[in-house]
2 protein chains.
Amino acid sequence: MAGRNLVGLEVDALDLGAVFRALADEHRRSVMTELAADRSDSERGCNSFDLPISKQTQTHHFRVLREAGLIDEIDYGNRKGIRLRRADIEKRFPGLLTLLGSESPGGTAPR
Amino acid sequence: MAGRNLVGLEVDALDLGAVFRALADEHRRSVMTELAADRSDSERGCNSFDLPISKQTQTHHFRVLREAGLIDEIDYGNRKGIRLRRADIEKRFPGLLTLLGSESPGGTAPR
DNA sequence: CTTCAGGTACGATGCAAGTCATACCTGAAG
DNA sequence: CTTCAGGTATGACTTGCATCGTACCTGAAG
């Protein structure tokens with residue numbers, strides 16, 4: 001079984017500074033906005049976000065998001081899954097995910 | 001004629017990225033946390049925050065907060081006043097100020 | 001006038017962070 | 001086996017940013 005061996009921090013250990021630093025980047029914020037917009041919280045692939053950056057940089061960004069406690073990365077060996085930690089985020093920082101939607105009035109519309 | 005000639009942007013022009021970048025810094029976040037904790041929204045002096053940095057750096061930080069649309073700076077010539085734009089922030093980014101209290105000492109005390 | 005405190009402008013510096021090139025690893029499909 | 005796509009590790013580069021030193025401005029008090 002491919003367990004979530006790449007999980008982030010504990011819920012209580014989530015740092016607001018790290019969260020703001022993670023969301024300060026445009027690409028990471030677009031990823032989080034997309035994830036927050038999908039209420040089904042389905043697991044997504046890394047390349048399903050269509051980021052205009054190299055794959056090494058994508059690896060870097062996903063790691064930052066994971067270390068900030070915002071997502072979980074599920075390692076399948078030659079593939080990777082991304083899942084939003086919606087429950088943990090809402091528990092620790094209620095309203096944060098709603099805040100991300102403020103930038104895309106109308107839905108998922110990255111400029 | 002102590003007008004607020006150093007006001008920030010319009011409410012609709014507030015950018016979420018600029019806000020997150022502004023709140024990513026520890027010193028700026030502490031200022032915002034203090035301002036958000038004071039429900040009277042009274043005008044405060046720049047040196048009332050007791051920041052462990054030089055005054056030039058303080059000028060820089062307050063400017064970033066103003067350009068992000070989070071505060072207004074009232075210029076008195078040889079003095080300066082700081083005021084939180086609570087109404088505008090709550091209108092554009094509801095829940096953001098509450099979020100800042102998540103790490104405030106005395107507000108939402110963890111454990 | 002001079003002095004002084006609060007604040008700003010400009011420049012320089014040091015460090016963190018975003019980005020990519022190269023090389024390597026992993027698992028699936030021929 | 002080989003090939004290939006997805007992902008990572010390492011290193012280097014470059015930009016952004018927080019910080020401070022020096023100099024200057026502003027208004028109030030001697």
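Each value in this text was obtained by applying a stated rule to the coordinates, not by laboratory testing. Fair warning: this is a prediction, and the values are worked out from it, not measured in the lab. Note that we place each Cβ from the backbone using ideal geometry, even for glycine, and neighbour counts take in every protein chain shown.
Among the residues of B:23-29, the average count of other protein chain beta-carbon atoms within 10 Å of the residue beta-carbon is 4.
The lysines whose alpha-carbon is closer than 23 Å to the alpha-carbon of residue A:55, local same-chain residues fewer than 8 away aside, are A:80. Projecting label points 7 angstrom from Cα along Cα→Cβ for residue A:90 and residue B:79 puts them 4.8 nm apart. Counting other Cβ atoms within 10 Å as a rough exposure proxy, the listed residues A:55, B:80 run A:55, B:80 from fewest neighbours to most. Per the Debye formula on identical point scatterers at the alpha carbon atoms of the range A:16-103, with no solvent, log10 I(q)/I(0) at q = 0.15 Å⁻¹ is -0.50. The same position residue B:98 in the other copies lies at 0.6 nm from this copy, comparing label points 7 Å beyond Cα toward the beta-carbon, shortest first.
Simple rule: put +1 on each Lys or Arg Cβ and -1 on each Asp or Glu Cβ in the range A:16-103, find the dipole, and look at A:45, A:64, A:30; the Cα lying farthest toward the positive end is A:64. Computed from point charges on the beta carbon alone (+1 for Lys and Arg, -1 for Asp and Glu), the dipole magnitude for the range A:16-103 about its Cα centre is near 180 Debye.
Distance between the pseudo-spin-label points of residue A:102 and residue A:39 (7 Å out from Cα toward the beta carbon): 2.1 nm.
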